[in-house]
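Asks: One structure coming up, written as structure tokens, with questions to follow.
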Amino acid sequence: MRRPLNQSNDRLYVITGGPGAGKTTILHELQRRGFPCVREAARQIIQDEMRTGGDAVPWLNMQGYTSLMLQRSVKDYLTHAAATGTTFFDRGILDTITHGRVSRIRLPESAFLEAQRYRYNRVVFMAPPWPEIYSTDTERQQTLEDAISVYRVNTEVYEEYGYTIVEIPRGPVAGRVDFILNAVRESGG
């Protein structure tokens, strides 16, 4: 069965940005308020690989990790492609392209094709770097400087693919979520 050349769903919204900017906390609040949310593929992969003794983690096998990130991101998109209600993603397919650029690894042509083929709402919510809340953990080992670089490249990548970036203001999580939901209503979602 052939896939359609392009597929989009304006009900699917991406929340992205550099590591440690509060995205996951925002998504937890959106989920608490009743919105379907899709967990970040990258973090799930690292957790799965660490649990099973796999090597597809950024500090051991960057190429394997990136390949799994693309596969999982596309699978997550396809799982929610027919959503009739507003659904939020903790990062999207384009974050794999950002990861490839930042890590200076060659991505397969399929990564670029998937990013063009599977489209989210044109409005993408970008969480800016936030030094006051930034921290590392077992899955997030980047420095704050790395996080800032990811944020900048991520903004460039999403704009190159025709998305409109809406920066999420810093502040209490409830206010950040209210801001996002107001922007979704304004965009027709």
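Asks: Using DSSP to call loops (not H, G, I, E or B), can you name the trypsin sites (Lys or Arg not before Pro) in segment 1-61 whose Cβ has at most 12 other Cβ atoms within 10 angstrom? Each step should come with its number before you reach the end.
Replies: Working: sites: ARG2, ARG11, LYS23, ARG32, ARG33, ARG39, ARG43, ARG51; in loops: ARG2, ARG11, ARG33, ARG39.
Those satisfying the criteria are ARG2, ARG33.
Asks: Let me ask something else about it. Sequence gap at least 6, Cα distance under 8 Å: using those rules, report the relative contact order of the chain to the nearest whole percent. Don't skip to the answer; put the middle values down first.
Replies: On the way: 277 pairs, mean separation 66.1, N = 189.
Relative contact order of the chain: 35 percent.
Asks: Moving on. Quick one: if you stick a label point 7 Å off each Cα along the C-beta vector at THR84 and GLN71, how many nm between them?
Replies: 3.3 nm
Asks: Okay, moving on. Between THR25 and ASP146, take the C-beta separation as r, use R0 = 22 Å, and let me know the FRET efficiency to the nearest 0.05.
Replies: Working: r = 20 Å, r/R0 = 0.90.
That gives a FRET efficiency of 0.65.
Asks: On to the next question. So, counting K/R as plus one and D/E as minus one, what does the shell of residues with Cβ under 12 Å around VAL157 add up to?
Replies: On the way: positive: ARG91, ARG101, ARG152; negative: ASP95, GLU156, GLU159, GLU160.
Residues close to VAL157 contribute a combined charge of -1.
Asks: How much net charge surrounds VAL177 when only the other residues with a Cβ under 12 Å from the Cβ of VAL177 are counted, with Lys and Arg +1 and Asp and Glu -1? Don't jump to the answer; show the numbers that get you there.
Replies: Values: positive: LYS23, ARG32, ARG33, ARG176; negative: GLU29, ASP178.
Charge balance near VAL177 sits at +2.
Asks: Here's another thing I want to ask about it. Could you size up the charge dipole of segment 7-186 around its Cα centre, putting +1 on the beta carbon of Lys and Arg and -1 on that of Asp and Glu, and report it in debye to the nearest 20? Provide the component values of the computation, followed by the final result.
Replies: Numbers: 21 positive and 22 negative charges, 72 e Å.
The dipole magnitude comes to about 340 debye.
Asks: [x] 15.2, 44; [y] 15.7, 49; [z] 16.0, 45: which one is Rg and Dmax of the Cα atoms in Å as calculated from this entry?
Replies: Checked against the structure: label [y].
Asks: Output the peptides 145-155, 75-85 sorted from most to least packed, where packing is the average of other Cβ atoms within 10 Å over each peptide's residues. All intermediate terms of the calculation are to be shown ahead of the outcome.
Replies: Values: 145-155: 18.6, 75-85: 13.5.
Peptide ranking by packing, descending: 145-155, 75-85.
No value in this document is a laboratory result; all are computed from the given coordinates. All figures in this text were calculated on a predicted structure; none of them were measured in a lab. So basically every Cβ, Gly included, is an ideal-geometry build from the backbone, and we count neighbours across all protein chains shown.
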